[in-house]
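Asker: Below is one structure. I have some questions about it.
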Amino acid sequence: MRQGWWVRGDLDGFFGLMVDNLVQILIIVALTRELLHFSDALVFGRILPGVAVSLLVGNLYYGWQARQLAARTGRTDVTALPFGINTPSVFAYVLLVMLPVWLMGGGPAAR
């Protein structure tokens, strides 16, 4: 059985996931810069590259798992789980983890 790399609907799924992750990244940037007053060097030099690596590795891994499952079972209707940033998790992490730590450290006065 020959597995195709691209099937109908993949383009829609790609752009749907891309737009969803883009919105999450914009939320991360807005919250960390405006609420936590993180420097641009921290946001764009540490946080966003980490997000990019995790998105790339996560999606490649899930894609690899789907191809392995399709090859093992002989099915052609296997798809990868979309990997991305969860909206509630972004708000929970920034507001319930990062903000209290930032406040305990003295906020912008501690810099």
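Every read-out reported here was derived from the displayed coordinates using simple, explicitly stated rules and does not represent laboratory data. Nothing here was measured: the structure is a model prediction, and the numbers come from that model. Note that each Cβ is placed from the backbone with ideal geometry, even for glycine, and that neighbours are counted across all protein chains shown.
Asker: Which ones in segment 1-24 are closer than 30 Å to Gln68 by Cα, within 20 Å of the chain's Cα centre (by Cα) and β-branched (Val, Ile, Thr)?
Answerer: Listed by number, the list holds a single entry, Val19.
Asker: Can we say Val90 is assigned to a helix (DSSP H, G or I), touching a residue at least 24 places away in the same chain (Cβ under 8 Å), out of contact with any Leu (no Cβ under 7 Å at 6 or more places or on another chain) and over 17 Å from Asp10 (Cβ atoms)?
Answerer: So Val90 passes the test.
Asker: Restricted to segment 63-81, and to residues that are among the β-branched types (Val, Ile, Thr) and not in a helix (DSSP H, G or I), which residue is nearest to Ser39 (Cα to Cα)?
Answerer: Applying the filter and picking the extreme gives Thr79.
Asker: Only one of (1) assigned to a helix (DSSP H, G or I); (2) touching a residue at least 12 places away in the same chain (Cβ under 8 Å) is not met by Gly84, so which one is it?
Answerer: In the conditions (1) assigned to a helix (DSSP H, G or I); (2) touching a residue at least 12 places away in the same chain (Cβ under 8 Å), Gly84 misses (1) alone.
Asker: Residues of segment 67-81 being small (Gly, Ala, Ser) and touching a residue at least 60 places away in the same chain (Cβ under 8 Å), which ones?
Answerer: Hits for segment 67-81 are Ala70, Ala71, Gly74.
Asker: I'd like to know if segment 96-106 contains one or more residues that are surrounded by 13 or more Cβ atoms within 10 Å (Cβ to Cβ), of a type in the set (Val, Ile, Thr) and assigned to a helix (DSSP H, G or I).
Answerer: Among the residues of segment 96-106, not one is surrounded by 13 or more Cβ atoms within 10 Å (Cβ to Cβ), of a type in the set (Val, Ile, Thr) and assigned to a helix (DSSP H, G or I), which makes the answer no.
Asker: Hey, another quick one. Are there any pairs, at least 6 apart or on different chains, whose C-beta atoms fall under 9 Å, with the first in segment 1-15 and closer than 19 Å to Phe83 by Cβ and the second of a type outside the set (D, E, K, R), and if so, which?
Answerer: Every condition considered, the pairs that remain are Val7/Thr76; Val7/Thr79; Gly9/Thr79; Asp10/Thr79; Gly13/Thr79; Gly13/Pro82.
Asker: Between residues in segment 31-60 that are surrounded by fewer than 13 Cβ atoms within 10 Å (Cβ to Cβ) and residues that are assigned to a helix (DSSP H, G or I), which pairs lie under 7 Å by C-beta distance while being six or more apart or on different chains?
Answerer: Here the result reads His37/Pro108, each pair linking segment 31-60 to a residue that is assigned to a helix (DSSP H, G or I).
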